[in-house]
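Q: My questions all concern the structure below.
The values are calculated or read from the model by the stated rules, or taken from the named source; none is laboratory data. Only a predicted model underlies this, so the values are computations on that prediction, with no experimental measurement involved. Here the Cβ is made from the backbone with ideal geometry for all residues, glycine too, and neighbour counts use every protein chain on show.
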Amino acid sequence: MAKGWRDHVESAGPGRVRIRQHGRMLADAMMVAEPEMLGEGIDDRSPQQLVNTAEIPGIVGEAWAMADWHYGYGFPIGGVVATSTEYGEQGGGISPGGVGFDINCGVRLLSTGISQSDTDISSLIDLLSKRVPAGASSKGGVRLNSAALDSILSGGAASAADMGLGLQEDLIGIESGGLMETEERAISDRARSRGGASLGTLGSGNHFLEIQVVDRVVDTKSAEAFGIYEGDVTVMIHSGSRGLGHQVCSDHVREIESNYVERGGRWISDRWGFDISDRQLACAPIYSKEGEAYIDSMRAAGNFAFANRSALTHRVREAFREGVGSDADIGVTYDVSHNIAKIEDHVIHGKNCTCAVHRKGATRAFSGDHPEMAGKFENVGQPVLVPGDMGRASWVLAGPKSGGNDAFSSSCHGAGRRLSRTAARKTIDSELLIKRLEEQGIEVRSKTRSLISEEAPEAYKNVDDVVRLTEDAGLARPVARLRPLGVIKG
């Protein structure tokens with residue numbers, strides 16, 4: 001299997017490598033990479049996973065892997081696959097594995113209006129670590145009764161604002177206005193239980209809250225439109241739908257997988273006529289009962305994630321109010337989703353297509369002439385937030401000024417892992433890492449210090465390289481580089 005895709009690799013222009021359609025693939029695969037990155041000795045699993053996604057029934061265009069691609073569940077992280085709503089009688093496949101378990105995990109960037117020179121970062125990070133609950137548990141979260149949880153699941157960020165956990169004016173800076181339309185919101189009792197106490201919590205793993213400084217602006221006009229100025233302090237929040245979203249995914253993976261049987265090394269659904277190579281890619285037709293139920297529940301979990309980042313923003317505002325006073329003016333620069341599937345209209349190979357765009361570890365990068373960008377992002381492009389690692393930098397990019405890009409208007413979502421969590425723990429000493437970061441002037445607060453090695457800079461690709469490849473491939477353009485000053489981890 002692994003050798004097969006290597007026989008079909010070719011350069012497809014700057015920052016792009018194509019894996020030509022072969023075997024059971026229904027489309028080509030495109031990787032944002034340079035040819036030498038796919039040489040002998042690399043981990044073959046990610047390109048093979050991408051090849052497998054190109055077998056999903058109803059796929060249109062190419063199967064994409066963004067510049068931060070690495071191994072994931074079913075899809076590679078960084079995977080973007082779109083399926084037509086008009087395929088067959090019930091539409092192409094919608095795959096929970098193509099969204100992931102942390103539904104609407106995403107990134108929010110906050111502006112502060114204060115400069116680094118006027119800020120005591122150490123005391124601020126202490127205040128934030130007290131006010132922002134971090135870690136695997138839901139301890140410290142906002143407890144929601146059934147009616148309040150229903151409101152969050154249906155109303156997203158606006159409902160959080162109605163509860164005093166955010167501002168209505170923030171909504172203009174949130175993808176889709178912080179709302180995904182739902183009807184049934186038929187999530188399980190277990191999912192509701194897991195969400196009932198975790199609103200306003202950061203989580204663990206690669207989730208973080210980071211105080212940063214705008215280190216360098218490379219596109220002044222776009223930066224001004226985004227409210228980003230060199231030398232200013234920013235706050236980046238990376239979190240998602242917590243246990244609620246994980247449970248929603250688990251429930252629907254189980255339901256959809258039950259319609260498949262293994263036959264001759266393939267996974268077959270006789271009911272839907274679907275034939276895939278990897279059980280983790282199990283998908284249902286978009287307009288089947290199972291497909292519609294998953295999409296609706298995914299959107300409800302997505303609303304919870306938008307509300308969660310709003311509640312976290314509220315806690316940031318409280319901490320800055322205490323630590324800085326009225327000088328701080330916390331605004332939402334933007335909030336992007338990077339584990340979601342959305343029904344969107346795109347032009348694919350010259351033809352209009354309404355399709356379900358799976359973005360797993362990838363973000364939208366809408367152009368400045370897209371209808372959703374009307375207002376302050378018009379003719380500029382959507383802000384694209386790319387967290388790197390806690391020792392180097394993060395980036396703000398922008399989608400094209402007009403016309404979109406041919407990866408379903410998508411871009412990278414971060415630096416991308418270079419080492420697995422297990423490998424990082426085995427090779428990196430957490431206490432030495434914290435000491436090294438503090439010597440660089442980066443304050444670290446972690447609920448589980450022994451696991452901080454999993455998030456070491458050397459466990460990730462260099463985000464500057466990822467951004468360069470993304471720009472070379474014509475997907476998004478760099479606007480500003482953000483350098484870490486203090487970080488809170490679970």
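Q: Are any of the residues in the stretch 47-66 under 30 Å from ILE172 (Cα atoms) and of a type in the set (Phe, Trp, Tyr)?
A: yes
Q: Yes or no: TYR73 within 16 Å of the chain's Cα centre (by Cα) and in a loop (DSSP other than H, G, I, E, B)?
A: The answer is yes for TYR73.
Q: Please state which one of ILE103, ILE125 is aliphatic (A, V, I, L, M), within 30 Å of ARG359 (Cα to Cα), touching a residue at least 12 places away in the same chain (Cβ under 8 Å) and not in a strand (DSSP E or B).
A: ILE103
Q: Return the residues of the stretch 223-268 that are assigned to a strand (DSSP E or B), touching a residue at least 12 places away in the same chain (Cβ under 8 Å) and either surrounded by fewer than 23 Cβ atoms within 10 Å (Cβ to Cβ) or in contact with a strand residue (DSSP E or B) (Cβ under 7 Å, 6 or more places away or on another chain) (or both); say none if nothing qualifies.
A: ASP232, VAL233, THR234, VAL235, MET236, ILE237, HIS238, GLU262, TRP267
Q: Please enumerate the residues belonging to the stretch 406-443 that are surrounded by 20 or more Cβ atoms within 10 Å (Cβ to Cβ), part of a loop (DSSP other than H, G, I, E, B) and under 24 Å from the mean Cα position of the chain (by Cα).
A: ALA407, PHE408, SER409, HIS413, GLY414, ALA415, GLY416 - these are the residues of the stretch 406-443 that are surrounded by 20 or more Cβ atoms within 10 Å (Cβ to Cβ), part of a loop (DSSP other than H, G, I, E, B) and under 24 Å from the mean Cα position of the chain (by Cα).
Q: So how many residues does the stretch 309-347 have that are without any contact (Cβ under 8 Å) to a residue 40 or more places away in the chain, outside any strand (DSSP E or B) and over 20 Å from SER129 (Cα atoms)?
A: Going through the stretch 309-347 one residue at a time, the tally reaches 1.
Q: Just name the residue that is nearest to GLU175 (Cα to Cα) out of those in the stretch 348-360 that are surrounded by fewer than 18 Cβ atoms within 10 Å (Cβ to Cβ) and in contact (Cβ under 8 Å) with a residue 24 or more places away in the chain.
A: THR354
Q: Would you say LEU110 is crowded, with 22+ Cβ neighbours inside 10 Å and either closer than 22 Å to LEU167 by Cα or not small (Gly, Ala, Ser) (or both)?
A: Answer is yes for this residue.
Q: Can you give me the number of residues within the stretch 5-30 that are surrounded by fewer than 16 Cβ atoms within 10 Å (Cβ to Cβ) and in contact with a helix residue (DSSP H, G or I) (Cβ under 8 Å, 6 or more places away or on another chain)?
A: 5
Q: Do we have LYS401 as crowded, with 21+ Cβ neighbours inside 10 Å, of a type in the set (D, E, K, R), in contact with a Gly (Cβ under 9 Å, 6 or more places away or on another chain) and at pLDDT 95 or above here?
A: Criteria not met by LYS401.
Q: Now, a different point. Against the condition acidic (Asp, Glu), modelled with pLDDT under 95 and more than 17 Å from VAL463 (Cβ to Cβ), how does ASP327 come out, does it pass?
A: In short, yes.
Q: Another question, then. So for the stretch 476-483 (the condition being under 29 Å from SER129 (Cβ atoms) and in a loop (DSSP other than H, G, I, E, B)), does at least one residue qualify?
A: no
Q: If I filter the stretch 204-211 for residues that are within 30 Å of ALA54 (Cβ to Cβ), at pLDDT 95 or above and part of a loop (DSSP other than H, G, I, E, B), do I get at least one hit? I'd like the intermediate steps shown before the answer.
A: First, pick out the residues of the stretch 204-211 that are within 30 Å of ALA54 (Cβ to Cβ): 205-206.
Okay, now just the ones that are also at pLDDT 95 or above, so none.
Scanning the stretch 204-211, I find no residue that is within 30 Å of ALA54 (Cβ to Cβ), at pLDDT 95 or above and part of a loop (DSSP other than H, G, I, E, B), so the answer is no.
Q: Across the stretch 397-422, what is the number of residues that are more than 18 Å from ILE348 (Cα to Cα) and polar (S, T, N, Q)?
A: 2
Q: Further, regarding this structure: Looking at the stretch 374-389, is at least one residue touching a strand residue (DSSP E or B) at 6+ places or on another chain (Cβ under 7 Å) and more than 18 Å from GLY173 (Cα to Cα)?
A: So far as the stretch 374-389 goes, yes, one or more of its residues are touching a strand residue (DSSP E or B) at 6+ places or on another chain (Cβ under 7 Å) and more than 18 Å from GLY173 (Cα to Cα).
Q: Also: Go through the stretch 168-187 and report how many residues are more than 19 Å from PHE377 (Cα to Cα) and of a type in the set (A, V, I, L, M, F, W, C).
A: Count: 3.
Q: Filter the stretch 269-285 down to the residues that are buried (at least 24 other Cβ atoms within 10 Å of the Cβ) and under 22 Å from the mean Cα position of the chain (by Cα), then identify the one that is nearest to SER176 (Cα to Cα).
A: The selected residue is CYS283.
Q: I'd like the residue in the stretch 444-470 that is under 24 Å from LEU124 (Cα atoms) and assigned to a loop (DSSP other than H, G, I, E, B) and, out of all such residues, is modelled with the lowest pLDDT.
A: LYS447
Q: Can you tell me how many residues in the stretch 111-132 are of a type in the set (A, V, I, L, M, F, W, C) and under 26 Å from the mean Cα position of the chain (by Cα)?
A: Total meeting the criteria: 3.
Q: Of all residues in the stretch 462-490, which are more than 17 Å from PHE208 (Cβ to Cβ), among the basic types (Lys, Arg) and in contact with an Asp or Glu (Cβ under 7 Å, 6 or more places away or on another chain)?
A: ARG477, ARG481, listed by residue number.
Q: Out of LEU451, LEU433, LEU475, which single residue is within 27 Å of ARG364 (Cα to Cα) and of a type in the set (A, V, I, L, M)? I'd like the intermediate steps shown before the answer.
A: Working: LEU451 fails: within 27 Å of ARG364 (Cα to Cα); LEU433 fails: within 27 Å of ARG364 (Cα to Cα).
Just a single option satisfies the conditions, and that option is LEU475.
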